[in-house]
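**Student:** Would you mind keeping the following structure in view while I ask a few things?
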Amino acid sequence: MKPIFTLVFIFFCSALCVAQHDNKIIIGTIDSINSKILNEQRKIWVHVPNGAKAGQRYPVIYLLDGDAHFYSVGGMVHQLSAVNGNSLCPEMIIIGITNTNRTRDLTPTHNGNAKFMSPEMAKVSGGGENFTAFIEKELMPYIDATYPTTPYRVLVGHSLGGLMVVNTLIHHTQLFNAYIAIDPSMFWDDKKLLNQTREALAKQDFTGRALYLAAANTQPEGMDINNVAKDTTPNTMHIRAIVELNDVLKARGLKGGKYNYKYYNDDDHGSVPLIAQYDALRFIFDFYRLKLTPDDFSKLDMAVVKRIEKHYEQMGKHLGYKVMVPDGMANSLGYQAMGMKHYTEAEYLFKMNTVNYPENSNVYDSLGDLYKEKGNKVKAIELYKKALTLAEVADTRKKLNELLKK
């Protein structure tokens with residue numbers, strides 16, 4: 001079925017893709033899971049890309065302090081993946097894990113003498129490993145069983161959440177594919193995790209993992225990132241621990257994985273998550289963007305088609321599962337090739353869709369259009385009939401009836 005807009009560029013410029021019901025813009029739902037590990041009911045905020053087709057699956061972002069960052073991350077992923085022709089990262093499911101006892105869940109070790117919090121809060125610290133067990137053994141299986149997920153997972157955390165991101169990378173390396181630690185509280189418990197990280201980097205393998213580390217400007221006036229390491233006052237212990245972590249990572253590397261660090265001089269602890277989330281997604285998915293030039297569209301020869309196909313093959317290697325050329329893209333390019341009388345390229349693209357999306361009636365309709373234009377009435381009728389076995393579409397029925405009358 002030929003799209004209303006024949007210019008392929010239109011395919012890349014999506015309209016607003018959030019669900020709209022009863023004059024409300026809905027960006028997600030609130031779900032919950034009963035945790036036997038934590039012995040409590042846990043609420044989760046869930047965003048699934050709107051307009052998902054049957055069989056379509058998505059990578060998953062697990063977001064600590066989910067209620068604080070759900071809106072910004074959801075909007076950012078939508079913008080980078082679906083708006084204004086952007087394909088800088090994939091559309092993703094977002095799981096915002098809200099807090100019940102933040103200090104308990106987001107601290108990997110117990111620190112009863114923490115100076116920056118009340119004794120009551122410090123008393124319950126150290127439940128991070130139990131919280132991780134909840135994510136791994138209860139939450140992830142539930143999400144995978146309930147929502148259309150792929151195996152690719154990203155963990156995002158800020159402050160104590162960032163501390164837990166690093167803890168998960170070091171002690172549960174395979175649990176996520178990518179880790180985003182934003183201004184993490186690496187000073188926690190006399191830098192115990194920082195020391196564990198130093199040891200782990202010397203012997204562990206991080207093949208296929210990615211870490212983005214962000215640091216905010218939290219040092220007092222008169223200091224800068226270059227001289228703060230020499231300070232010994234409590235006011236700088238937060239930034240000093242992050243600088244030290246980056247120094248260790250730069251010196252020893254993330255064996256087999258990729259790492260990037262950025263210091264945000266113009267942002268403090270509260271403002272840094274937004275800009276760091278953006279930069280982190282660009283870094284993690286630097287392989288994702290398909291770059292096509294106006295010249296590529298004007299030529300649209302087999303070399304261009306093969307390059308597009310190769311891009312998605314390489315994308316699959318990064319993500320760890322097969323990624324197919326989107327059916328809408330192949331369909332639009334196929335019609336453009338038809339319009340240019342590039343029938344070999346059009347046939348290749350339309351047939352690619354019948355292999356990749358065999359349950360989609362439109363892919364057979366489009367291939368039927370090609371054979372109809374080429375004068376192959378028998379093949380066109382066969383394909384229109386095939387399309388109609390999958391879905392009754394008036395336009396397809398009309399084209400079939402016209403051919404049968406001839």
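**Student:** Explain nothing, just the number: relative contact order of segment 222-355, from Cα pairs under 8 Å at least 6 residues apart, as a whole percent.
**Tutor:** Details: 58 pairs, mean separation 18.2, N = 134.
About 14 percent, as a whole number.
**Student:** Is the shape of segment 57-200 best called rounded, prolate or oblate, per the rule: a/c under 1.5 gives rounded, else a/b larger than b/c gives prolate, else oblate, with a ≥ b ≥ c the square roots of the Cα gyration tensor eigenvalues?
**Tutor:** Since a/c reaches 1.5 and a/b is larger than b/c, the shape of segment 57-200 is classed as prolate.
**Student:** What three numbers, in Å, describe the spread of the alpha carbons of the chain along their principal axes, ordered from the longest?
**Tutor:** If we take the Cα atoms of the chain, the spans are 88, 44, 42 Å.
**Student:** If you don't mind, there's one more thing I want to ask. Place +1 on the Cβ of every Lys and Arg and -1 on the Cβ of every Asp and Glu in the chain, take the dipole about the Cα centre, and give the residue among 272, 388, 133 whose Cα lies farthest towards its positive end.
**Tutor:** 388
**Student:** On to the next question. Which one of 329, 356, 344 has its Cα pushed farthest toward the positive end of the charge dipole of segment 294-405, where Lys and Arg give +1 and Asp and Glu give -1 at the Cβ?
**Tutor:** Farthest towards the positive end: 344.
**Student:** Expressed as a rounded percentage, what relative contact order does the chain have, with Cα pairs under 8 Å and six or more residues apart? Walk me through the numbers before you get to the answer.
**Tutor:** Working: 662 pairs, mean separation 52.2, N = 406.
The value is 13 percent.
**Student:** List the trypsin sites (Lys or Arg not before Pro) within segment 314-345 that DSSP assigns to loop and that have no more than 14 neighbouring Cβ atoms inside 10 Å.
**Tutor:** On the way: sites: 317, 322, 341; in loops: 322, 341.
Sparse-neighbourhood loop trypsin sites (Lys or Arg not before Pro): 322, 341.
**Student:** Could you compute the longest span of the chain free of chymotrypsin sites (Phe, Trp or Tyr not before Pro) located in DSSP loops and having at most 15 other Cβ atoms within 10 Å, not counting the site residues? Can you show the working numbers first?
**Tutor:** Values: sites that count: 5, 116, 287, 321.
The longest uninterrupted stretch comes out as 117-286.
**Student:** In degrees from 0 to 90, rounded to the nearest 10, what is the angle of the helix 361-374 Cα long axis to the longest principal axis of the chain?
**Tutor:** Rounded to the nearest ten degrees, it is 40.
**Student:** Assigning unit charges at the beta carbon (Lys, Arg +1; Asp, Glu -1) and nothing else, what dipole magnitude in debye, to the nearest 20, does the chain show about its Cα centre? All intermediate terms of the calculation are to be shown ahead of the outcome.
**Tutor:** Numbers: 47 positive and 43 negative charges, 309 e Å.
The calculation lands at about 1480 debye.
**Student:** Could you go through segment 225-232 in sequence order and give the Karplus-derived ³J(HN,Hα) for each residue, using 6.51 cos²θ - 1.76 cosθ + 1.60 with θ = phi - 60°, rounded to whole Hz, and x for Gly and Pro?
**Tutor:** 3J(HN,Hα) across segment 225-232, in whole Hz: 5, 7, 10, 5, 4, 7, 6, 10.
**Student:** Structure shown: which of 43/123; 310/351; 341/405; 36/192 lie over 18 Å apart, alpha-carbon to alpha-carbon?
**Tutor:** Details: 43/123 24 Å; 310/351 16 Å; 341/405 27 Å; 36/192 29 Å.
Too far apart for the 18 Å limit: 43/123; 341/405; 36/192.
**Student:** Assuming a ≥ b ≥ c are the square roots of the Cα gyration tensor eigenvalues, decide whether segment 294-405 counts as rounded (a/c under 1.5), prolate (otherwise, with a/b larger than b/c) or oblate. Mind showing how you got there, number by number?
**Tutor:** Details: a/c = 2.90, a/b = 1.53, b/c = 1.89.
Note, shape of segment 294-405 comes out oblate.
**Student:** Here's another thing I want to ask about it. Would you mind checking the tilt of helix 237-252 against the longest principal axis of the Cα atoms of the chain, expressed as 0 to 90 degrees and rounded to 10?
**Tutor:** 60 degrees
**Student:** Explain nothing, just compute: Karplus ³J(HN,Hα) = 6.51 cos²θ - 1.76 cosθ + 1.60, θ = phi - 60°, for every residue of segment 328-333 in order, whole Hz, x for Gly and Pro.
**Tutor:** x, 5, 4, 5, 5, 5
**Student:** Ordered by residue, what ³J(HN,Hα) values in Hz, to whole numbers, does segment 161-177 give under the Karplus form 6.51 cos²θ - 1.76 cosθ + 1.60, where θ = phi - 60° and Gly and Pro are x?
**Tutor:** After applying 6.51 cos²θ - 1.76 cosθ + 1.60, I find x, x, 4, 5, 4, 5, 4, 5, 4, 6, 9, 9, 3, 7, 5, 10, 8 Hz.
**Student:** As an exercise, identify the trypsin sites (Lys or Arg not before Pro) in segment 362-394 lying in DSSP coil whose Cβ has no more than 10 other Cβ atoms within 10 Å.
**Tutor:** Values: sites: 372, 374, 377, 379, 385, 386; in loops: none.
Within segment 362-394, no trypsin sites (Lys or Arg not before Pro) qualify (loop, at most 10 other Cβ atoms within 10 Å).
**Student:** Could you compute the longest span of the chain free of GluC sites (Glu not before Pro) located in DSSP loops and having at most 16 other Cβ atoms within 10 Å, not counting the site residues? Numbers along the way, then the final one.
**Tutor:** Numbers: sites that count: 221, 359, 392.
The longest such stretch corresponds to 1-220.
**Student:** While we're looking at this one, here's another question. Past 19 Å, Cα to Cα: identify those pairs from 299/322; 377/398; 372/399, in the order given. Before the final figure, lay out the partial values.
**Tutor:** On the way: 299/322 28 Å; 377/398 15 Å; 372/399 9 Å.
Flagged as over cut-off: 299/322.
**Student:** Could you please rank 27, 97, 182, 381, placing first whichever residue has the fewest other Cβ atoms within 10 Å of its Cβ? Don't skip to the answer; put the middle values down first.
**Tutor:** Working: 27 15, 97 23, 182 27, 381 18.
With the sparsest Cβ surroundings first, the list reads 27, 381, 97, 182.
Here, each number is a calculation from the coordinates, and none is a lab measurement. Note that the structure is a prediction, hence the values are computed from the model and not measured. Every residue, glycine among them, receives a Cβ derived from its backbone with ideal geometry; neighbour counts consider all protein chains shown.
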